[in-house]
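Reviewing the structure listed below.
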Amino acid sequence: MSDPNLESPEAARARRGRNIALALGLGLFVVLVFVVTLVRLGANVAQRPF
Amino acid sequence: MAMSPAVPRAMPARWQDYLQLMKPRVMSLVIFTAITGMICANAPINPILGAVAVLCIAVGAGASASLNMWFDADIDAKMRRTRGRPVPAGRVQSADALALGVVLSMFSVMLLGMTVNWLAAGLLAFTIFFYAVVYTMWLKRSTPQNIVIGGLAGALPPVIGWAAATGSVPLNAWLLCAIIFMWTPAHFWALSLYTSEDYAKAGVPMMPVTAGPASTRKQILIYSILFVPFCLAPVLTGLGGAPYLAVSALGGAVFLILAWRVFKSRSGEAPDERQDDGLYDVKAGSKDARNLFAFSILYLTLLFATLLAEHLLGVAPMGAVL
């Protein structure tokens, strides 16, 4: 008899797809914050008096 | 020791199901109108910040759609057009749709406020609240004026785009909002004339269900007559040029002819016996309503695309009178 707690291959594929999408979303968010920080602060940093 | 019978485990949702919760087709329309508002503002905005603003507006729209699907799962399950959505179809848990909507709402509003400006973020927050709470939770189930008032949520993205570019919302921004707002009743009632059985089954008081098809056809004509002048108005406020005048006038004339045909037709009178979920395959009696519904989408798209093209190409407006 098969173990009811075992995940079916289809379910595993769906979970893997979700995890990859989430990882890409988080990665995109990190890049977004980094780029926006450069845009918002970049000009001011370049013009600061030393 | 006896083993307990195997309980079938629920199939986990695929990432595409979560994307479907955000109504990607509506999101694409929101992106289009928001970009139009942003470009029509004629204000220099950093392209990266402009892209972030559009992303936030799109994600905000997706968040409110997810909240809508969470709350409306019971009525979505009763309608042919919506029964395949992720929550009523059992592919996504109701609580997950709620969580996605809340998290993305906060994410989009906060990011827009911190990176662009708080006026745009405030307008986005208001839009999400208006769609998810005022329209979905209150108006939709309580009054046949649901889509008239609720249409404001769909009309605000160009205003948010304009606010993101300039930090202000002048008359012309509100004019873009008014065009979509006045377009909504004729567009949705034309659709609901030939899908009213579904709405009746789900207990949603759409106009054809509560007031009947004849009254709905009359109101479609009245709203169409009120709508077309709003489409022409940008020519008088320094927003639209000669190409826009041509598109809005010609398209407006066709819109009025189609609305008149709906008024004179018997659209919505006989029961709709469609078996599929398509929005365009209707039986002969409702073809006039179907034609108006289809043309309304084309007309609004043309209006905004013309304004967008004029401002990108630097076509001079006709000159402000108002």
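For chain B, a/c is not less than 1.5, where a ≥ b ≥ c are the root eigenvalues of the C-alpha gyration tensor, and a/b does not top b/c. That puts it in the oblate class. Entry note, chain B: relative contact order of 18 percent, from Cα contacts under 8 Å with a spacing of 6+ residues. Computed from Cα atoms, the angle from the helix A:9-46 axis to the main principal axis of chain A rounds to 0 degrees.
For B:Trp189, what charge total do you get from the other residues with a beta carbon under 12 Å from its beta carbon, if Lys and Arg give +1 and Asp and Glu give -1? Combined, the nearby Lys, Arg, Asp and Glu give +2.
Near B:Gly241, the amide H atoms lying under 5 Å from its own belong to B:Met318; only residues 5 or more places off or on other chains count, and H is placed 1.01 Å from N.
From its DSSP helices (H runs of at least four residues, each -39,500 (n - 2.57)), chain B gives a residue-normalised ellipticity at 222 nm of -21500 deg cm²/dmol. For segment A:7-50, the residues whose amide N sits under 13 Å from a probe point set 7 Å from the Cα of B:Met114 along the beta carbon direction are A:29-38.
The charge dipole of the protein assembly as shown, taken about its Cα centre with unit charges on the Cβ atoms of Lys, Arg (+1), Asp and Glu (-1) only, comes to about 100 debye.
The Kirkwood hydrodynamic radius of the protein assembly as shown, based on inverse pair distances between different Cα atoms, is 22.6 Å.
Read-outs: derived from the displayed coordinates by stated rules, not from any lab. Since this is a predicted model, take the numbers as computed values, not measurements. Note: ideal-geometry Cβ built from the backbone for every residue, glycine included; neighbour counts use all protein chains shown.
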